[in-house]
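Participant: I have a structure here, written as structure tokens, and I will follow up with some questions on it.
Just so it is clear, none of the values below were taken in a lab; they were calculated from the coordinates. Predicted model only: the values in this text are computed from it and were never measured. FYI the Cβ positions are ideal-geometry reconstructions off the backbone, even for glycines, and counts take in every protein chain you see.
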Amino acid sequence: MTIEEEKFSEEMSTQKIDLSGGDAEGVVHSGGVENHVAENNNNGDDEEQLKAEENKAGFADDIPWKTRMWEVFTTFWPLGFVAFGGPQAHIAILRDHLVIQRDWMDEEAFTELFAIGQGLPGPTSTQLVISTALARAGPLGGLLAFFLWNLPGLIVLTVSGVLIANFIDPDDPPFWLVGLPPAAIALVFKAMYGFGTKLDTLGVILALISASVAILISGDEVIKPTSSQYVFPSMLAAGGLIAYIDSKRVKPLGVYAAPSKGWDAKSDLTMRRIGIPLWVGFCIFLVYIFVLVLTILLVDVFNVKNEYLKIFEVMFRIGSIIFGGGQVVLPMLQNEVVPFWMTKDNFFQGLGIAQSMPGPLFNFSAYLGAVYKGVGGALVAYVGLFGPGVILIFAVVPFWARLRHVHWFKVMLNGVNSTAIGLVGAACVILWEAAVGNAADAIVFCFSGVLAVVFDVAAPICVIAGGVLGAILSNDVANLGQVPY
């Protein structure tokens, strides 16, 4: 953020009341005014003063709901077309539009909503989109924002999947596609570098262990790749438990921040606009558990033979254990869909397209479903992978103010996130081996990696530039670097 934006934010914060949990004085004052009005209910001046105090304290909603829904539509419709660059860029874009430009909420409220997404499985930036719109216009606003944010990428990846499945020979891809896989993998390496530099000592150990286990599962003759559906969530749980045990040591290996004060749900306008009581949040969570358990039982226990149900079960199960963003999902998806739904070349071609699209990488699910079962498969896979994160963001928000007071929760979350980062490291190894088959691929990988890491070039440009270089080096054009490794 520029110096001017920082000054602007500071000036605006002085004009607004603090809506955080620490605004005890505002609540007491408002209560005092209410008592005064009750004693003098015939006094018009006191009624006006009450309204003024309620507005000041954030209890009165003076913006009609239809107006706020229109604001959600006009805000997120264009963002769905320009949200390039991955989760970090998405967060910056949302902060600029919602906090700085439109003043929907203050910095603290935005940070709290971001923290909610970090603590849940699913795509963090998409969950931030939902929660910010939820805070502005309620549940329907959150769903509308989710749809608008993902729509461009969903359409392009669905169409791409259908076209590749029907018109591209998986054993002989056209020259203009051969450079996309190594270019896309370079962005995964960049993500791992960004995650890894932020780990503490315990985090590095947990990441190393989870990466080693994931690589072993991918390359062992005895252990089946499908065992990842049980091993990965077990590792995530173990990582959280290890972090908790470490936090109790006199000299812990990890660095553990104090729990946040969170929001005060009784005085914060944002929480009131969300409008989801605790019991409703709990019911939503039960729905999530019911869907997860039911689909697993139908597919894995009762062996119901329905391909669309299988697509949904795979995606919903994976979406339930993904912490750390879209890059973490890649090795899990590859283990599940290659070679059962498609070839590895199909997988990496779609990954390259997904990396060049706006919106979350979870849109990749639509491509995978489309290659396997057309448009119907794309929609089922899309709903399945996004479903857990979307359901849980609605379920957990009412409980978050309480959870953030609990020290063990934040401690265990550190361990879970570190373990998930190790899976990104494993993805670097596994995807490199699958996507880089000759010297030309390696050149494209290095070229796109330097553009992304050193020169900070936007992801779509890195993928397109890598694709062009790969096409030039291919057999059909220059025929350079084609000796296989």
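Participant: Can I get the semi-axes of region 74-207's equivalent ellipsoid? Compute them from the C-alpha gyration tensor as square roots of 5 times the eigenvalues, in angstrom, largest first. Mind showing how you got there, number by number?
Facilitator: Details: eigenvalues 191, 109, 31 Å².
Largest first, region 74-207 gives 31, 23, 12 Å.
Participant: With N denoting the number of residues in region 403-485, provide Rg(C-alpha) divided by 2.2 N^0.38 Å, to two decimal places.
Facilitator: On the way: Rg = 18.8 Å, N = 83, 2.2 N^0.38 = 11.8 Å.
That works out to 1.59 for region 403-485.
Participant: OK, next. Modelled label-to-label distance, Asp103 and Val250, 7 Å Cα→beta-carbon offset: nm?
Facilitator: Here the modelled spin labels are 5.5 nm apart.
Participant: Using θ = phi - 60° and the Karplus curve 6.51 cos²θ - 1.76 cosθ + 1.60, what whole-Hz ³J(HN,Hα) does each residue of region 448-461 get, with Gly and Pro shown as x?
Facilitator: 5, x, 5, 4, 6, 8, 7, 9, 6, 6, 4, 4, x, 5
Participant: Something else: Give, as ranges by residue number, the residues of region 433-458 whose backbone N falls under 19 Å from the point 7 Å along Cα→Cβ of Ala478.
Facilitator: Hits in region 433-458 for Ala478 at 19 Å: 436-452.
Participant: A follow-up question, please. Highest mean first, how do 216-223, 77-84, 355-362 rank when packing is the count of other Cβ atoms within 10 Å averaged over residues?
Facilitator: On the way: 216-223: 12.2, 77-84: 16.5, 355-362: 25.1.
Taking the mean over residues of other Cβ atoms within 10 Å, the ranking is 355-362, 77-84, 216-223.
Participant: What does the charge count around Ala434 come to, taking other residues whose C-beta lies under 10 Å from its C-beta (Lys +1, Arg +1, Asp -1, Glu -1)?
Facilitator: Working: positive: Lys344; negative: Asp345, Glu433.
Around Ala434, the surrounding residues sum to -1.
Participant: While we're looking at this one, here's another question. Cβ under 14 Å from Gly376's Cβ, Gly376 left aside: what net charge do those residues give with Lys, Arg +1 and Asp, Glu -1? The partial results should precede the final answer.
Facilitator: Working: positive: Lys310, Lys373; negative: Glu307.
Summing Lys and Arg as +1 and Asp and Glu as -1 gives +1.
Participant: Moving on to the next point. Give Lys224/Lys344; Lys190/Lys344; Lys198/Lys410; Lys190/Lys410; Lys248/Lys410; Lys310/Lys373 a once-over and call out the pairs whose C-alpha atoms are over 19 Å from each other. Please report the intermediate quantities before stating the final value.
Facilitator: Details: Lys224/Lys344 17 Å; Lys190/Lys344 21 Å; Lys198/Lys410 16 Å; Lys190/Lys410 26 Å; Lys248/Lys410 13 Å; Lys310/Lys373 11 Å.
Those over the limit are Lys190/Lys344; Lys190/Lys410.
Participant: To continue, here is another question. With all pairs of different alpha carbon atoms counted, what Kirkwood hydrodynamic radius in Å does region 372-436 show? Don't skip to the end; give the middle numbers.
Facilitator: Values: mean 1/r = 0.0657 Å⁻¹.
Taking every pair of different Cα atoms in region 372-436, averaging 1/r and inverting gives 15.2 Å.
Participant: Starting from one equal scatterer on each C-alpha and no solvent at all, send me the Debye-based log10 I(q)/I(0) for region 319-452 at q = 0.15, 0.16, 0.20 Å⁻¹, two decimals.
Facilitator: For the requested q values the scattering log ratios are -0.85, -0.93, -1.26.
Participant: If you find the alpha carbon centre of region 436-485 and of region 304-324, how far apart are they in angstrom?
Facilitator: Spelled out, the Cα-based centre of one part sits 33 Å from the other.
Participant: Ok, one more. Would you mind checking which residues have amide H under 5 Å from Asn438's amide H? H placed 1.01 Å from N; only 5 or more apart, or other chain.
Facilitator: Tyr485
Participant: Could you give me the radius of gyration and the Dmax of region 173-246, taking only the C-alpha atoms into account and expressing both in angstrom?
Facilitator: Radius of gyration, then largest Cα-Cα span, for region 173-246: 16.0, 53 Å.
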